[in-house]
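Here, each number is a calculation from the coordinates, and none is a lab measurement. All of these numbers come straight from a predicted model, not from anything done at the bench. As a convention, Cβ positions derive from the backbone with ideal geometry for all residues, glycine included, and neighbour counts pool all protein chains shown.
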Amino acid sequence: MPFQFLLNFAHDDSFFYIKTASNFSKGLGSTFDGINHTNGYHPLYFISLVILFFVPNFLFEASPEFLYRLDFLYHLVVIVFMQYYIIKSLKNVFKKDFNSISVTILIILLSVFIFIRDFGMESHLACLIVSYFLYLKSIELNTGENKIVVKSLLLALLFLTRTDFISSYIPFILIIDFFIGYKKKQYIITSFTILAVTILTYYSINFFFFGSINTVTGKYLNSFPAIAISSNFDTLFADPAKFYNQFVRILIVFVSFILFVIYYKKIKGTEEIKRKFYLIIIFLGTGGLVFTIIHLLYNKLGIREWYMTLPTFVAIIMIVILLPKRKDILNISLILSFIFFVSIFYGTRIMKLKNVSGYEYAKSLNSIVKENERVYQIDFCGVIGFFSDRNVVNGDGLINSFEYIDYVNKGKIDEYIEKYNIKYYSTYTVVNLLEDSVYTDRNFSHMVNGKIFRFPASSLILEKQFKWNHIAFDSDGKWYLFKFKQGKNIE
């Protein structure tokens, strides 16, 4: 498939995972930039990528393009199994009521909100784990067969998929599985033991190798005890991309949950199997609401796009269950959902090529910057760092080190750049940076580390067109690569 088309399915942060995992599989350690050792990722998806990349990186010098295509294929496999288990779950519970039209509507809605996004992120893996859990519960509700060890392992894997699920999804899954399950005492002992061992092992490894039980990303993003909900809501409404994406999905999640709870309270005479399955979905939905609220309250960057994937996945299951079983209504829903899918897919994956200019800039940067030289970039450096195959230091700190965060917090980014002999500064802009033969970058640096970067025109090494095409808006500007003159570019 055309590579520029495939790039549309990933986020910039996707390449933090992919490049760090590739470096690890090469024996370079847990590093994105070749300088800083980092734990700024969730472990399960990272480990799976390390395993996936080990063979090609061992046998030959795998290009970034090859590794991304391999990761893309990996996600397609996850999506196939995710579909299989969720469809089997619903068929086991609803039998003939879940007919071919309902199946098609489910697949179309999942395609819009789940399958055509988040490649390179952990969210698809989380949806697969939840799908398999629901599949096991559907069998259990029908036969009484309770696979306690497997379900307990799934909870541990869910924690490793996103460690912050320990305060949202996992408690609610434990509660509902206990109350509607069998062999309660054995279940509690097994699930708590496996979960406790997994959690203790993970945090111990973090402390031993990085000196903190937290991830560097968690430390950077966590605003607790300060509440960030006001600024996060302002961003949701002010940023067209976030309004179109995150806000719309938050709305879908909350409205679907409310309607589903009302539906559950009103139905009478429903089979016990269905009522128990409804309760499982409600508790999963509650976990999603708690997860969303926690990030709105205490995440400095608010709700990232892939955060809403699992909550939306559960919301789509609710929507399909809520659809009336009348054939005419199902047919209308099918037609509308198909039109919706075509418009979204065409508008966001075919017409809008959001990562292409970054990819082209990365390839140009590769031809200028030597393999052992270092580049500092604050935003949008996932694509640049991965496809340039150069040591690009992640300036926003999300895939960096605790040492870097300390330098930023103390306002000593100039000392950090000098210490690690960083020779280049990379940035992009949609405004004019040039005035009186001086380029002044106020776009990101002052927000991250309180510093402003200035470069004389003679420091400009590379200039290319920047384009960001989104269904909500388009941006045009410039990519810039400057060369540092030690101590003379930072104020």
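Structure data summary
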read-out: Under Karplus coefficients 6.51, -1.76 and 1.60, residue-wise ³J(HN,Hα) of the stretch 65-80 in Hz, glycine/proline x; value: 5, 4, 5, 5, 4, 5, 5, 4, 4, 4, 5, 4, 5, 4, 5, 4
read-out: Whole-Hz ³J(HN,Hα) from phi, Karplus 6.51 cos²θ - 1.76 cosθ + 1.60, for the stretch 115-132, glycine and proline x; value: 6, 9, 8, 6, 5, x, 10, 7, 5, 4, 5, 4, 5, 5, 4, 5, 4, 5
read-out: Spacing of the two label points (7 Å from each Cα toward its C-beta) at residue 73 and residue 270, in nm; value: 4.3
read-out: Cα-Cα over 29 Å, subset of 242/370; 352/423; 19/483; 242/464; 91/184; 276/300; value: 242/370; 352/423; 276/300
read-out: Whole-angstrom gap from the stretch 200-277 to the stretch 305-324, using each part's C-alpha centre; value: 13
read-out: Residue-wise HN-Hα coupling along the stretch 350-367, computed from phi with Karplus coefficients 6.51, -1.76, 1.60 (Hz; x: Gly, Pro); value: 10, 7, 10, 10, 6, 9, 5, 5, x, 4, 5, 5, 4, 5, 5, 4, 4, 6
read-out: Sequence-distant residues sharing a close amide H with residue 32 (under 5 Å, placed H); value: 38
read-out: Placed amide H near residue 439: partners under 5 Å, 5+ positions off or other chain; value: 455, 457
read-out: Order of 204, 459, 138 under a 10 Å beta carbon neighbour criterion, fewest first; value: 204, 459, 138
read-out: DSSP beta bridges in the chain [antiparallel fraction, %, rounded to 5]; value: 75
read-out: 0 to 90° range, to nearest 10: angle between helix 100-110 axis and the chain longest Cα axis; value: 20
read-out: Amide hydrogen neighbours beyond the local backbone of residue 98, cut-off 5 Å, H modeled; value: none
read-out: Debye, to nearest 20: dipole size of the chain, +1 on Lys, Arg Cβ, -1 on Asp, Glu Cβ; value: 1640
read-out: Tilt relative to the chain, helix 248-266 - C-alpha long axis, 0 to 90 degrees, to 10; value: 10
read-out: Cβ-based charge dipole, the stretch 356-483, positive-most Cα from 449, 422, 377; value: 422
read-out: Relative pair counts by distance (%), Cα atoms of the stretch 282-336, 5 Å bins; value: 4, 17, 21, 16, 12, 12, 9, 5, 2, 0
read-out: Helical contribution to [θ] at 222 nm, DSSP H n ≥ 4, -39,500 (n - 2.57), averaged over the chain, rounded to 500; value: -19000 deg cm²/dmol
read-out: Rounded to 5, percent antiparallel among DSSP beta bridges of the stretch 370-491; value: 75
read-out: Nearest-ten-degree value, helix 184-210 long axis tilted from longest Cα axis of the chain; value: 0
read-out: Full-stretch length increase - residue 178, residue 142 - with 0.36 nm per residue and alpha-carbon distance subtracted; value: 11.3 nm
read-out: Unsatisfied cross-links (Cα-Cα over 20 Å) in the set 96/183; 412/478; 26/354; 274/325; value: 96/183; 412/478; 26/354
read-out: Tensor-based shape of the chain (alpha-carbon gyration tensor, a/c under 1.5 rounded, otherwise prolate or oblate); value: prolate
read-out: Nearest-20 debye value, the stretch 63-350 charge dipole, Cβ charges on Lys, Arg, Asp, Glu; value: 920
